[in-house]
Amino acid sequence: MCNAADSGMKNTPLLETHKKLGARIVGFAGWNMPAQYTNIIDEHITTRTKVGLFDICHMGEIIASGKDVRKLIRKVMTRDMESLEENRAKYSLMCNEKGNVVDDVFLYRFASNKYMMVVNACNTKKDFEWLKLNSKGLEVDINDVSDKTGKLDVQGPLSKAVIEKASGDNAPERFCHKETNIEGVQVIISGTGYTGEQGYEVYTPWEDTEKVWNSIIKIGRDYGIKPIGLGARDTLRLESCYSLYGHEINENTTPVEAGLSWTADSKYEYIGKPVISKQKEFGTEMKLAAFEMTDNSIPREKYEVVCENEAIGKVVSGTYSPTFKKGIGIAMIKRIHAKVDSAISINIRNTVHRAKIVKRPFYHYNGGNVK
């Protein structure tokens with residue numbers, strides 16, 4: 001059963017399609033989005049075992065181009081992007097002067113002087129202004145093309161077969177992207193995703209998104225495809241320990257605290273580098289740690305983490321794992337308690353439930369070799 005969309009929210013091109021499919025519509029990051037169509041567990045398992053189709057049109061896309069665009073990239077990105085070849089993509093962070101995360105982004109290189117940044121929906125305007133601010137004095141054009149760009153994610157073990165049949169073209173390798181056609185519509189397909197499975201992200205002209213969605217659904221029927229909502233997207237990403245802005249990362253969290261030190265590898269003097277470099281050398285007081293419950297309880301965001309009657313932090317993400325059939329979560333806790341196999345407790349509605357720290361991720365990428 002679907003509920004009414006909020007008129008104060010933005011709509012993707014697929015809102016009416018979701019309603020016809022019986023989706024439950026919720027507000028997310030200022031958008032009316034499908035939370036689920038059947039149920040989270042069913043949709044989660046479909047993505048893990050077959051193939052799922054996600055409406056991710058709420059995400060932001062920003063194009064940066066011009067003579068000095070690489071200077072801008074060096075300045076704002078924590079990741080070494082000099083090795084990023086054309087038609088490839090990399091995950092990176094943008095940080096402020098305190099070393100805290102402005103946003104996490106996927107950076108796509110189209111040419112020596114043209115890049116696309118895919119940013120979080122809640123941060124699109126902020127990121128655009130941040131890039132404009134830091135491009136002053138540089139010959140760079142910054143354009144927010146979010147309202148012109150649709151985005152569909154095709155994820156799961158059978159996603160490659162669906163993409164290749166839909167496009168009549170070879171699917172790109174992981175972290176590569178290419179221009180091709182689906183149903184006569186020019187699209188960009190990248191070998192990227194947010195589920196821990198082999199998957200692809202399809203960028204379409206906004207007005208053609210429904211046409212591409214319908215084509216993928218039709219072709220995917222032979223492979224067991226189902227539309228997947230934000231609920232399963234969250235359980236999938238949490239099992240894979242992928243960060244969600246506002247949870248694992250935010251403007252009060254550094255890459256080192258978030259377990260993302262590996263993204264801070266640029267040799268250039270990017271914004272926030274002095275703080276981040278110091279933390280990489282000496283460590284931080286707080287640190288993200290993955291944990292699993294040892295009983296049947298389910299942790300949720302903001303639950304208190306306790307060790308020997310001492311409050312040591314808070315849960316930032318928690319859920320029931322359909323894959324492992326237990327409660328799992330990620331918490332920001334004091335670093336001295338973050339060692340794997342350490343015993344902790346989660347305060348759930350004034351009752352203490354036992355848990356233990358485990359190695360990240362819960363679910364390892366299942367799409368083949370990473371390149």
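Each reported figure results from applying straightforward, stated rules to the coordinates on display, with no laboratory input. Being a predicted model, the structure only gives us computed values, none of them experimental. As a convention, Cβ positions derive from the backbone with ideal geometry for all residues, glycine included, and neighbour counts pool all protein chains shown.
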So how compact is the stretch 21-172: Cα radius of gyration and Dmax in angstrom? 17.6, 52
Please give me the summed charge of the neighbours of Ile333: other residues whose Cβ is under 9 Å from its Cβ, Lys and Arg +1, Asp and Glu -1. +4
What list of ³J(HN,Hα) couplings, whole Hz, do you get for the stretch 173-182 from phi and the Karplus terms 6.51, -1.76, 1.60, once you set θ to phi - 60° and write x for glycine and proline? 5, 4, 6, 10, 9, 8, 8, 7, 10, 10
Taking 0.36 nm per residue of sequence separation and subtracting the Cα-Cα distance, how much length would be gained by fully extending the chain between Thr49 and Ser112, in nm to one decimal? 18.8 nm
Place a point 7 Å from Cα of Val352 in the direction of its Cβ. Which residues in the stretch 305-324 have their backbone N less than 15 Å from it? 305-313
To check my understanding: the extent here is largest minus smallest coordinate of the Cα atoms along each principal axis. What are those three numbers for the stretch 60-146, in Å, largest first? 28, 26, 25
Average silhouette area of the stretch 239-318, convex hull of alpha-carbon atoms, in square nanometres: 6.6 nm²
Which one, Gly60, Pro34, Thr47, is farthest towards the positive end of the dipole of the stretch 1-108 when Lys and Arg carry +1 and Asp and Glu -1 on their Cβ? Gly60
Lys, Arg +1 and Asp, Glu -1 on Cβ, resulting dipole of the stretch 60-146 about Cα centre, debye, nearest 20: 180 debye
Please express the Cα-Cα pair-distance distribution P(r) of the chain as a list of whole percents, one per 10 Å bin, running from 0 to the bin with the greatest distance. 5, 23, 32, 27, 11, 1, 0
If amide H atoms are modeled at 1.01 Å from N in the peptide plane, then the residues at a separation of 5 or more from Asp80, or on another chain, having amide H under 5 Å from its own are Asp265, Ser266
Which net charge results for the neighbourhood of Lys273, defined as the other residues with beta-carbon distances under 14 angstrom from its beta-carbon, given Lys and Arg at +1 and Asp and Glu at -1? +2
Semi-axis lengths (Å, descending) of the ellipsoid that matches the C-alpha gyration tensor of the stretch 151-233: 17, 15, 13
Cα extents of the stretch 281-371 along the three principal axes, largest first, in whole Å? 44, 38, 20
Can you work out ³J(HN,Hα) from phi for every residue in the stretch 246-262, in order, using Karplus 6.51 cos²θ - 1.76 cosθ + 1.60 and θ = phi - 60°, giving whole Hz and x for Gly and Pro? x, 10, 6, 10, 5, 7, 10, 10, 9, x, 5, 4, 7, x, 10, 4, 5
Taking the Cα centre of the chain as origin, work out the dipole magnitude from +1 charges on Lys and Arg Cβ and -1 charges on Asp and Glu Cβ, in debye rounded to 20. 580 debye
What's the local net charge at Thr195, with K and R +1, D and E -1, over the other residues with C-beta under 10 Å away? 0
Using each residue's phi in the stretch 84-96, evaluate 6.51 cos²θ - 1.76 cosθ + 1.60 at θ = phi - 60° and report the 3J(HN,Hα) Karplus result to the nearest Hz, with x for Gly and Pro. 6, 7, 4, 6, 10, 9, 9, 7, 8, 10, 10, 10, 8
For a footprinting-style exposure proxy, rank Tyr242, Tyr200 by other Cβ within 10 Å, fewest first. Tyr242, Tyr200
